[in-house]
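What follows is a short report on a single structure.
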Amino acid sequence: MTDLAGILCAQIRAGGPISVADYMAHCLGHPQHGYYITRDPLGAAGDFTTAPEISQMFGEMIGLWLAQVWLDAGRPAPFRLVELGPGRGTCMADALRAARAAPGFAEAADLWLVETSPRLRDEQARRLPSAQWAESLDDVPDGPTMLIANEFLDALPVRQFLATAAGWREKQVGLDGDALIWGLSPPLPGGCDAREGSWREESPMAERIARDIAGRIDRQGGAALFIDYGYRAADRPPGFTLQALLRHAPADPLAEPGAADLTWLIDFDRLTESLAPLATACAPQGAFLARLGIGQRVAALAAAKPDEAETIADALERLTAAEQMGTLFKTLAAWPAGQPAPPGFEEVP
Ligand code: SAH
């Protein structure tokens, strides 16, 4: 049993079953035993790999996007450059290098990182000497704000609800002896007109963060770019989307609390609603990277480093191919309503 499993058993024995969101919050963020608190989960030795860790090209495309948005906004100086959940800081370091294509961008950027993990803050400090850290967006000074978040929202706690004949019931984590097991709350008040067996997921924290970002950008200008794996109404999965990853393989989310990464799939339609009144557009990651010119970047990199041409081609495939990250991963841009769409989203519904 992990240390955290013991703590959760004692808590559930004393206070009753907990929601999936509470379980997730403990597993990922417990101050001593939380997954993100105790380790650097990224890379070959960790549990999962993210797009910026696959290739420098990913962060470079984000950098070109940021630079173009900044130029189109009339080069505000200073502006707040914010990343939520920056991991090792790789994406932002690659982005800042590429954004040198826009003279003045780096000097105007006041860089703020929102990160809970002390381990990852250390990694970020090594790669981003000019960074400052904020507990939340509230701590970032006012001003035009350009914000990016790659695989951040999927790590925030999510609540799960199942429609039953007796009404909506919330999925919970309870106990059978010393073993953590799934359960359902008693029917919630308020009735339920959904078909029996239908499900929904809600992340109050993700929605609050999206609303805060929308309010700030609506009042002060800027743009936000979210990248995550998820779905829209047309490809809604058949059931709950919480998943655990341990050493690059799917795992039972209840088996080793605090040792596995837990994520869920973002509902991009719902995220769009939370970002009102901003204008939004959503594009698959593959299409977004292609529109920003990742094809040209591959050619330039391969010409500069012929020995690495195969690795570069592999990375392009992983980031953009439909059966890899190209379609399941989506990008959602948000900007003040009435202004032109940011690069890569000009003709996206
Ligand atoms: N964006 C990075 C890392 C993704 S992993 C990349 O693409 O490689 C998720 C990141 O979000 C980690 O940096 C993790 O520590 C951070 N994180 C998770 N929950 C958080 C929270 N509640 N507040 C701030 N950061 C959080």
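The values are calculated or read from the model by the stated rules, or taken from the named source; none is laboratory data. Bear in mind the structure is a predicted one, so any value in this text is a computation, not a measurement. Because the Cβ atoms are built from the backbone with ideal geometry, glycine has one as well, and the counts that use them run over all protein chains shown. Note: areas computed on protein heavy atoms with side chains; ligands, DNA, RNA excluded. Shrake-Rupley method; radii C 1.70, N 1.55, O 1.52, S 1.80 Å.
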How large is ³J(HN,Hα), in whole Hz, for each residue of region 264-281 in order, when computed from phi with the Karplus curve 6.51 cos²θ - 1.76 cosθ + 1.60 and θ = phi - 60°, using x for Gly and Pro?
9, 8, 6, 8, 5, 5, 5, 4, 4, 4, 5, 8, 4, x, 5, 6, 9, 8
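Which shape class applies to region 45-201: rounded if a/c is under 1.5, otherwise prolate when a/b exceeds b/c and oblate if not, where a ≥ b ≥ c are the square roots of the Cα gyration tensor eigenvalues? Show your work: numbers first, answer last.
Working: a/c = 2.79, a/b = 2.13, b/c = 1.31.
Prolate is the answer for region 45-201, as a/c is 1.5 or above and a/b outweighs b/c.
Can you tell me what share of the DSSP beta bridges in the chain is antiparallel? A percent to the nearest 5 is fine.
On the way: 34 of 56 bridges.
So the antiparallel bridges amount to about 60 percent of the total.
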If you take the Cα atoms of region 218-349, find Rg, then find the Kirkwood Rh from the mean of 1/r over all pairs, what is Rg/Rh?
1.04
Give me the distance in nm between label points sitting 7 Å out from Cα along the Cα-to-Cβ direction at Arg232 and Ala45, one decimal.
4.1 nm
Suppose every K and R has +1 on its Cβ and every D and E has -1 on its Cβ; what is the size of the dipole of region 221-349 about the Cα centre, in Debye to the nearest 20?
280 debye
Gain upon complete extension [Ala299, Thr164; 0.36 nm per residue less C-alpha separation]
43.2 nm
Apply the Karplus curve 6.51 cos²θ - 1.76 cosθ + 1.60, θ = phi - 60°, to the phi angles in region 72-84 and return the couplings in whole Hz, x for Gly and Pro.
5, 7, x, 6, x, 9, x, 9, 8, 9, 10, 10, 9
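Can you give the accessible area per residue of region 92-226, in Å², using a 1.4 Å probe?
Working: 6230 Å² over 135 residues.
So region 92-226 comes to 46 Å² accessible per residue, rounded to a whole number.
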Cβ-defined net charge surrounding Gly222, 14 Å radius [Lys, Arg +1; Asp, Glu -1]:
-2
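If you add up the charges near Thr280, with Lys and Arg at +1 and Asp and Glu at -1, over every other residue whose beta carbon is less than 11 angstrom from its beta carbon, what do you get? Provide the component values of the computation, followed by the final result.
Details: positive: none; negative: Asp269, Glu273.
Charge balance in the 11 Å sphere: -2.
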Cβ-based net charge around Trp133, under 12 Å, with every Lys or Arg adding one and every Asp or Glu removing one
-4
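Hey, what D do you get for the chain in µm²/s if you plug the Kirkwood alpha-carbon radius into Stokes-Einstein at 25 °C and 0.890 mPa s? The partial results should precede the final answer.
Numbers: Rh = 21.2 Å.
Value of D from the Cα-based Kirkwood radius: 115 µm²/s.
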So, relative contact order of the chain in percent, Cα under 8 Å, 6 or more apart, is 19 percent
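Mind putting a number on the dipole of the chain about its Cα centre? Charges go on the C-beta only, +1 for Lys and Arg and -1 for Asp and Glu, and I need it in Debye to the nearest 20. Show your work: numbers first, answer last.
Working: 29 positive and 46 negative charges, 78 e Å.
Approximately 380 debye in magnitude.
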Could you state how much accessible area Ile266 has, in square angstrom rounded to the nearest 10, with a 1.4 Å probe and all protein chains kept in place?
10 Å²
Carbon and sulfur: what percent of the chain's accessible surface (1.4 Å probe)?
52 percent
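Rounded if a/c is under 1.5, else prolate if a/b is larger than b/c, else oblate: which is region 257-325, with a ≥ b ≥ c the root eigenvalues of its Cα gyration tensor? Can you show the working numbers first?
Working: a/c = 3.35, a/b = 1.57, b/c = 2.14.
In terms of gyration-tensor shape, oblate.
Taking R0 as 35 Å, what FRET efficiency do you get between Ser185 and Ala10 from their Cβ-Cβ distance, rounded to the nearest 0.05?
Working: r = 21 Å, r/R0 = 0.59.
Approximately 0.95, to the nearest 0.05.
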Using only Cα atoms and rounding to the nearest 10 degrees, what angle (0 to 90) does helix 118-127 make with the longest principal axis of the chain?
10 degrees
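Could you work out the helix-only [θ] at 222 nm for the chain, with each DSSP H run of four or more residues adding -39,500 (n - 2.57) and the total divided by the number of residues, to the nearest 500 deg cm²/dmol? If you can, show how the numbers build up before the last one.
On the way: 13 runs with 126 residues, N = 349.
Theoretical 222 nm ellipticity from helices: -10500 deg cm²/dmol.
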How large is ³J(HN,Hα) for each residue in region 15-29, as worked out from phi by the Karplus curve 6.51 cos²θ - 1.76 cosθ + 1.60 (θ = phi - 60°), to whole Hz, x for Gly and Pro?
x, x, x, 10, 6, 4, 5, 5, 4, 4, 4, 5, 4, 8, x
